[in-house]
1. Select from Leu179, Phe16, Gly80 the residue farthest towards the positive end of the dipole of the chain; place +1 on Cβ of Lys and Arg, -1 on Cβ of Asp and Glu, and compute about the Cα centre.
2. By how many nm would the segment from Ile153 to Leu42 grow when fully extended, if each residue of separation counts as 0.36 nm and the alpha-carbon distance is taken off?
3. Find the all-direction average of the projected area of the Cα convex hull for the stretch 83-185, expressing the result in square nanometres with one decimal place.
4. Stretched out fully, how many nm does the piece from Asn97 to Met1 gain, at 0.36 nm a residue minus the Cα gap?
5. So how much slack lies between Val176 and Leu130, counting 0.36 nm per residue of separation and subtracting their Cα-Cα distance, in nm?
6. Report D for the chain in µm² per second (integer): Stokes-Einstein, Kirkwood Rh on Cα pairs, 10 °C, 1.306 mPa s.
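Read-outs: derived from the displayed coordinates by stated rules, not from any lab. Bear in mind the structure is a predicted one, so any value in this text is a computation, not a measurement. Methodologically, a virtual Cβ is constructed for each residue, glycine included, from the backbone with ideal geometry; neighbour enumeration extends over all protein chains shown.
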Amino acid sequence: MPAFYLTLIAVLLAGFGARDQMTIAGLSARQGQRPGVLLVALLSAGLTAALAAWVAGIVLAELPPPARAIFAAIALGLAGLESLILVPRRRPAEPTNSLGALLLVLLASQITDAPRFLIFGMGVGMAAPLASGAAGGLGGAVLAIMAWAFSEILDNPAARWVRRIVGLALVVAALVLFLREFSIL
């Protein structure tokens, strides 16, 4: 159960102000709160969380227990760097009404974003890919609903700072985990 709760909290924090949230918020602000946009966003969040959990299960079966923590630290570090370095683009200037195009854009941005790295890393590091996948799917759904319903929140400059602070915290956590595994800390 700790894997579920820790992954849920990590995904909620790391996903705030992410690229997918900005896309959903931008479409909702420009086109209104279309239910189709929300359904596509929920589908995308569920699919990418399931993919991350599935890959975590495959990697988990191949790694010995000591290597799992190191691998989890690498995934946490990548999630933190993604949050620090990649800046979500501004709202789309000319959004399309196509839900299929939205699904492709969301899938492409979510496959390598911080929350999916966290689902993957927590699933491997805590040897619980199903719990991490379920928590990641729930967290992704909450983030999508928030972006769809309250798109104006993401316009606040504080959203960018929250994203960077969480990214920095993830990098520090990855370093601590990595150094502890080698008995340096």
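1. Phe16
2. 38.0 nm
3. 8.1 nm²
4. On the way: separation 96, 0.36 × 96 = 34.56 nm, distance 4.01 nm.
Full extension of this stretch gives 30.5 nm more.
5. Here the answer is 14.0 nm.
6. Diffusion coefficient, whole number: 97 µm²/s.
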